[in-house]
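Below: one structure, written as structure tokens.
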Amino acid sequence: DQQVKQNSPSLSVQEGRISILNCDYTNSMFDYFLWYKKYPAEGPTFLISISSIKDKNEDGRFTVFLNKSAKHLSLHIVPSQPGDSAVYFCAAFDGGATNKLIFGTGTLLAVQP
Amino acid sequence: NAGVTQTPKFRILKIGQSMTLQCAQDMNHNYMYWYRQDPGMGLKLIYYSVGAGITDKGEVPNGYNVSRSTTEDFPLRLELAAPSQTSVYFCASRLGGLAGWSYNEQFFGPGTRLTVL
């Protein structure tokens, strides 16, 4: 049972436009959410996070929105740049006994020049 | 500060062979993790450790073993390689702790690409 879902395997956006990556989760006990970015042949790197007590967190061109009632979060990249082309993983933190991140399947973002 | 390092970068194994994937971190992190990533799939947790001498199974532990004799090292052992273990393996570490959201970031190594033929 996939607890964290990224339903769009890929997304193509023009340079300068907004990229919106979506993520849904099923477990209301998740209390922290993270986005990781992964380039080919490299390990994932942390991008941005949000606590369940907030509904928005911004870091430069990246903003994450959290809608707890819908169990949905999204990552907005504005403006998109070719260097943003990568796989983006959504992850939820189970801060209870497991102390583990649960990852989605990823979305491949292609930013076209 | 090298972060999380993994060796080897690539390996081809024959069915039934054994090998150990090495992982080390120099950040004095308590938590360490092993994931595998199959094409088109997310990261699946194989094993994790919350400190030296303590390990536990993740979602997909079958066919693997781990040990954690020191804080720095967390090797992953494949005893009888099978084609289903062809994947990219990532090691990660996290400081952990009882409070503070800043503790939640996991740092990943560059990965080991394993092919079993």
- Of A:20, A:53, which residue is farther than 21 Å from residue B:109 by Cβ and away from chain B (no Cβ under 13 Å)? A:20
- Message: Based on this model, can you work out whether residue B:48 counts as among the aromatic types (Phe, Trp, Tyr) and in contact with a helix residue (DSSP H, G or I) (Cβ under 9 Å, 6 or more places away or on another chain)?
- Response: no
- Could you please let me know if residue A:73 is aliphatic (A, V, I, L, M) and within 14 Å of chain B (Cβ to nearest Cβ)? no
- Message: Can you list the strands (runs of 3 or more DSSP E) lying wholly within the stretch A:2-113 that have 1 or more residues being surrounded by 14 or more Cβ atoms within 10 Å (Cβ to Cβ), in contact with a Phe, Trp or Tyr (Cβ under 7 Å, 6 or more places away or on another chain) and modelled with pLDDT of 90 or more?
- Response: A:19-25, A:32-38, A:45-51, A:62-67, A:72-77, A:86-94, A:100-103, A:107-112
- Message: Looking only at the stretch B:18-36, count every residue that is assigned to a loop (DSSP other than H, G, I, E, B) and either surrounded by 14 or more Cβ atoms within 10 Å (Cβ to Cβ) or among the basic types (Lys, Arg) (or both) and tell me the total.
- Response: 3
- Query: Does at least one position in the stretch B:52-63 carry a residue that is closer than 27 Å to residue A:10 by Cβ, outside any loop (DSSP other than H, G, I, E, B) and either at pLDDT below 95 or within 8 Å of chain A (Cβ to nearest Cβ) (or both)?
  - Reply: no
- Query: Can you name every residue in the stretch B:1-17 that is in contact with a strand residue (DSSP E or B) (Cβ under 7 Å, 6 or more places away or on another chain) and assigned to a loop (DSSP other than H, G, I, E, B)?
  - Reply: B:3, B:8, B:9, B:15
- Query: Residue check: is residue B:46 assigned to a strand (DSSP E or B), aliphatic (A, V, I, L, M) and modelled with pLDDT of 95 or more?
  - Reply: yes
- Residue match in the stretch B:37-50 (condition: within 11 Å of another protein chain (Cβ to nearest Cβ), under 17 Å from residue B:95 (Cα atoms) and surrounded by fewer than 20 Cβ atoms within 10 Å (Cβ to Cβ)): yes
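The values are calculated or read from the model by the stated rules, or taken from the named source; none is laboratory data. Only a predicted model underlies this, so the values are computations on that prediction, with no experimental measurement involved. Neighbour counts are summed over all protein chains in view; Cβ atoms, including those assigned to glycine, are modelled from backbone coordinates with ideal geometry.
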